[in-house]
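Working notes, beginning with the structure itself.
Bear in mind these aren't lab numbers, they're just calculated from the coordinates by the rules spelled out. Since this is a predicted model, take the numbers as computed values, not measurements. Cβ: placed from backbone, ideal geometry, glycine included. Neighbour counts: every protein chain shown.
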Amino acid sequence: MKVMVLVKATADSEAGVMPTEEMLTEMGQFNEELVNAGIMLAGEGLHPSSKGVRVQFVGKNRTVTDGPFTETKELVAGFWIWQVPSMAEALNWIKRSPFQDGEVEIRPIFTDDDFGEAFTPELREQEERIRTEIAKHK
């Protein structure tokens with residue numbers, strides 16, 4: 001199963017406080033372990049919400065709001081995409097992370113089969129073409 005591990009923002013991450021060399025070293029080692037185990041597919045840190053925007057959709061209307069956003073607990077500071085055999089395995093890995101404070105959220109990523117009959121053979125074919133094109137740009 002594929003999961004997204006969402007690293008929740010903290011007051012420090014929202015203030016733009018960068019990790020220490022020690023934390024970067026520990027996280028780099030953890031990421032190497034994930035890659036060597038075939039778990040990590042992607043992962044990145046995100047700039048504070050002050051550098052972002054939100055877009056609200058209401059029918060055909062689009063409203064853009066510039067950051068920063070006030071509810072730190074609802075913000076994401078980074079993410080991983082992991083390929084794991086189970087949620088239990090994802091939990092085992094995250095418990096080994098070098099985080100000393102904060103919170104992460106782990107959520108399964110939909111598979112094609114999750115969409116049922118609405119995901120027609122034509123839509124599946126289109127999705128496969130899109131994935132193939134994405135892979136070419138890596």
FRET efficiency estimate (nearest 0.05) - Cβ-Cβ, F79 to V55, R0 25 angstrom: 0.85
Restricting the range 32-138 to GluC sites (Glu not before Pro) in coil, as DSSP defines it, with at most 14 other Cβ within 10 Å: E71, E103
Fewest-first sequence of W80, W93 by Cβ atoms within 10 Å of each Cβ: W93, W80
Within the range 1-92, trypsin sites (Lys or Arg not before Pro) in DSSP loop having at most 11 other beta-carbon neighbours inside 10 Å: K60
Selection from G52, Q29, W82 lying farthest towards where the dipole of the chain points positive, charges on Cβ: G52
Total formal charge among the other residues, if their Cβ is under 13 angstrom from that of Q56, Lys/Arg +1 and Asp/Glu -1: +2
